[in-house]
Structure formats: structure tokens, C-alpha cells
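Undergrad: Have a look at the structure that comes next, please.
What follows is calculated from the coordinates using simple rules that are stated; it is not laboratory data. Being a predicted model, the structure only gives us computed values, none of them experimental. So basically every Cβ, Gly included, is an ideal-geometry build from the backbone, and we count neighbours across all protein chains shown.
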Amino acid sequence: MVIFTTIILDAVGIGLIFPILPSLLREVTHAQEIASHMGVMIALYATMQFIFAPVLGALSDKLGRRPVLLISLAGSVVNYLFLAFAPSLWMLLLGRAIAGLTGANVSVAAAYITDISPQDRRARRFGLLNAMFGIGFIIGPVLGGVLGDHWLRLPFIVAALLNAGNLAMAFTILPESRGPGAGKIDLAALNPLRPLRWALSMKPLLPIILVFFIFSATGEAYGVCWALWGGDSFHWNGFWIGLSLGAFGVCQTLAQILLPGLAVRLLGERRAVLTGVAGVCVALTIMAFITQGWMVFAIMPLFALGSIGTPALQSLASCQVDEAEQGKFQGVLASAVSLASILAPLGFSSVYLSVRWQWPGAVWLCVVALYIVGALLVLGLRFKGPERAGA
């Protein structure tokens with residue numbers, strides 16, 4: 001319960017800020033043009049997670065899971081209070097960086113689940129772990145939007161209270177899952193770029209890694225541009241921004257639970273990926289031209305269709321390396337996703353800044369173009385191992 005609550009709160013922290021970020025940045029900068037600041041804020045959070053997830057994981061191997069989790073939860077409480085009262089941009093940036101650092105405890109949570117779960121129960125518990133993250137990402141934007149309409153800093157205070165409750169629960173009932181390790185921490189193992197060097201030496205894998213990077217980059221457009229676009233196009237307040245992001249999360253979560261297996265059986269892996277891309281591209285193209293806010297909610301099922309492609313792509317990718325290198329390869333794919341989370345927000349914020357006054361929806365066509373590049377790569381890939389062709 002403590003571990004799952006921690007994961008939910010990590011995801012809430014990611015989504016909490018999206019609906020209120022435009023208004024918050026305008027408040028502290030006294031400027032109307034804040035798209036570039038949004039890109040920096042989101043990229044900074046991802047950068048800190050990219051750097052510190054392996055660090056916290058390695059520390060938990062040496063010090064034990066419980067003390068690292070307790071320290072990160074205490075850091076989250078202090079940080080959210082810091083964000084609630086930060087009066088200037090540099091203090092907000094500092095707070096968001098610390099939030100990324102403390103939110104990197106997902107690696108420790110995953111290690112704790114591994115410690116306490118027998119082999120035959122790990123898959124189910126990791127599935128629940130992913131489900132908890134999805135639930136948190138649904139709650140976060142809605143909570144941020146509703147509370148932010150009352151006071152921009154109120155979501156941070158509520159997040160601090162939630163994390164304080166989880167800290168108290170962890171301190172009271174969470175046992176240590178393993179004893180502290182012996183020896184010095186291997187500093188080289190903390191380098192997040194280390195797996196990428198291995199990937200660069202495996203040239204046949206580079207196109208697959210590039211596909212994961214591109215598809216992950218497209219997902220960052222929503223966090224950067226959704227709130228700005230909703231405010232500029234429909235004059236949405238925090239409530240409507242949060243509600244739309246929450247609806248997006250619900251549809252994505254339901255689609256990931258219900259559709260991927262059926263899609264692969266009917267279409268095969270490659271066609272399932274391309275069908276998902278097609279659904280998202282149609283939805284984004286409609287978004288580029290719509291003039292009424294209710295239309296966004298009407299096309300959510302098309303967005304959800306995009307969720308069928310990710311599991312199929314992961315299935316195909318897992319066949320490309322031997323069993324002995326699966327962990328390393330999955331780490332490389334995770335690193336590609338993290339790098340996309342760092343670089344893409346900066347790029348999309350710049351694009352939105354350039355099109356905002358003429359045609360805000362044009363940014364979604366840029367996302368479509370990126371999806372098409374990824375789809376063409378998927379069409380051209382030669383996969384090793386079995387590839388189901390569909391019924």
C-alpha cells in the first residue's frame with residue numbers, strides 16, 4: 001500500500017502542475033509570453049529524473065530501500081511547500097528540479113516490489129505499479145485545475161499534505177525489504193549515459209531506439225502545449241484544462257487495459273502500431289482546426305486508439321536481443337524515453353511560441369509530422385524473431 005501510494009503521488013506531482021503552470025509563470029514573470037519557460041520547467045523535471053533515478057536506485061542497494069524512500073518522501077513534502085511560496089522564477093525552477101529528484105524514487109519503489117515478490121507474482125504487481133502511475137496521472141491534472149482556480153499555490157499545499165501523510169504511513173508501517181549492501185557505491189554505474197554507449201555499438205538496434213525516442217517525444221507535446229492551446233483557443237480556465245487532461249488519461253488507461261491484446265491478434269504487431277499512429281494523427285489533425293472546446297472531448301476515443309501501438313512495439317522490440325541482454329536493452333529504451341522527455345519540451349515550446357498568435361493549433365500538425373516519421377521507420381524496420389501478421 002505504501003509503495004503504490006508513493007507511485008500515485010509521483011504521478012500526481014507530474015500532472016499537478018500542467019493546468020496551473022501558464023498562470024503561475026505569468027504571475028512570477030509578469031510576462032504574457034511564457035511558452036519557453038514552460039518548456040524549461042518540464043524539461044528540467046525530466047532531466048532530474050533521468051539523472052537521479054539510477055542514483056537513488058544504487059543508493060537503495062547500499063543503504064536499504066526504506067531510508068531512501070523516507071528521505072525522498074520527506075524531500076517531496078519540503079519541496080511542495082517551497083513551491084507553494086516561491087516568489088520568483090528561479091525559485092520555481094529550483095523547486096521543480098528538486099521535485100524531479102524526489103520523484104525519481106520510482107526506481108526504489110520498483111526495487112522494493114522486486115524484493116518482496118516471488119517470481120510468479122512480479123508481473124501482476126508490476127502491472128499494478130503501472131496502473132497506479134496511470135491513476136495518479138489522471139488525478140494530478142484534475143486536482144491541479146480545480147484547486148488552482150481557487151488559488152494558484154493551493155495544489156502544492158495539498159500535495160505537501162498528501163506526501164506528509166504517506167511519509168507518516170511509511171515511517172510507521174513500512175519494513176525494510178533487504179539489509180544494506182556492503183562495499184562502495186560504483187560511481188560508474190550511476191552514469192545515465194552508460195547504457196547508450198552500449199546501444200551505439202549495436203547498429204541494428206539504432207532504428208528501433210530511434211522509433212522509441214520519436215514516439216516518446218510526441219507525447220511530450222501534450223504536457224507543454226495542451227494548457228497553453230486550451231487557454232488561447234477556448235479561453236479554458238484551470239478546471240477545464242485539468243478536466244480535459246484527466247479525460248485524456250482515463251481514455252488512454254482504459255484503452256491500454258482493453259485493446260492491445262485484441263489488436264495484435266487481429267492485426268499483428270506492426271499493423272497494430274501503425275493503426276495506433278493513424279488514430280492519433282487523425283485526432284491531432286482535427287485538433288489543429290477545431291473551434292469549440294467540446295470537440296476535444298468528442299475525439300478522445302481516437303486518441304485512445306493510439307494506445308494499442310505501444311505494447312505491440314514493445315513486444316517486437318523485445319525480440320531483437322538475446323535473453324541475456326534484455327535488461328540492458330530495456331534500460332536503453334528507458335534512457336531514450338528519458339532523453340525525449342528532456343529535449344522534446346524545449347522544442348515544442350519553441351514551436352508553439354512561433355505559431356501561437358497566428359494559428360495555435362498548428363503545433364499539433366508538427367506532432368503529426370513527427371508521428372509520420374516514426375511510422376515510416378516502423379514500416380522499414382526488419383525485425384528479428386516472430387512477427388504476427390494478424391488474422
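Undergrad: Using amide H atoms built in the peptide plane, which far-off residues or other-chain residues are under 5 Å from Ile34 H to H?
TA: none
Undergrad: In whole Hz, with x marking every Gly and Pro, tabulate ³J(HN,Hα) for the range 240-255 from phi via Karplus 6.51 cos²θ - 1.76 cosθ + 1.60, θ = phi - 60°.
TA: With the stated coefficients, the range 240-255 comes to 6, 5, x, 5, 5, 5, x, 4, 4, x, 4, 4, 5, 5, 4, 5 Hz.
Undergrad: Classify the range 4-93: rounded, prolate or oblate, from the alpha-carbon gyration tensor (a ≥ b ≥ c, eigenvalue square roots; a/c under 1.5 rounded; otherwise prolate if a/b is larger than b/c)?
TA: Note, shape of the range 4-93 comes out prolate.
Undergrad: Moving to a separate point now. Distance from the Cα centre of the range 53-106 to that of the range 217-262, in angstrom?
TA: What the calculation gives is 26 Å, centre to centre.
Undergrad: Let me ask something additional. Please list, ordered by chain and number, the residues whose modelled amide H lies under 5 Å from the amide H of Trp236; skip anything fewer than 5 residues away on the same chain.
TA: Long-range HN contacts for Trp236: Gly231.
Undergrad: With θ taken as phi - 60° and the coefficients 6.51, -1.76 and 1.60, list the Karplus ³J(HN,Hα) couplings across the range 63-69 in order, rounded to whole Hz; mark glycine and proline as x.
TA: 9, x, 6, 4, x, 5, 5
Undergrad: Once label points are set 7 Å from the Cα along Cα→Cβ at both Thr114 and Leu63, what is their separation, rounded to one decimal in nm?
TA: Result: 1.9 nm between the two label points.
Undergrad: Sorted by mean Cβ packing within 10 Å, highest first, what order do the peptides 139-147, 340-348 take?
TA: Output ranking for 139-147, 340-348: 139-147, 340-348.
Undergrad: Which of the peptides 81-88, 367-374, 38-45 is most tightly packed, and how do the rest follow, going by the mean number of other Cβ atoms within 10 Å of each residue?
TA: Listed from highest to lowest mean packing, they are 38-45, 367-374, 81-88.
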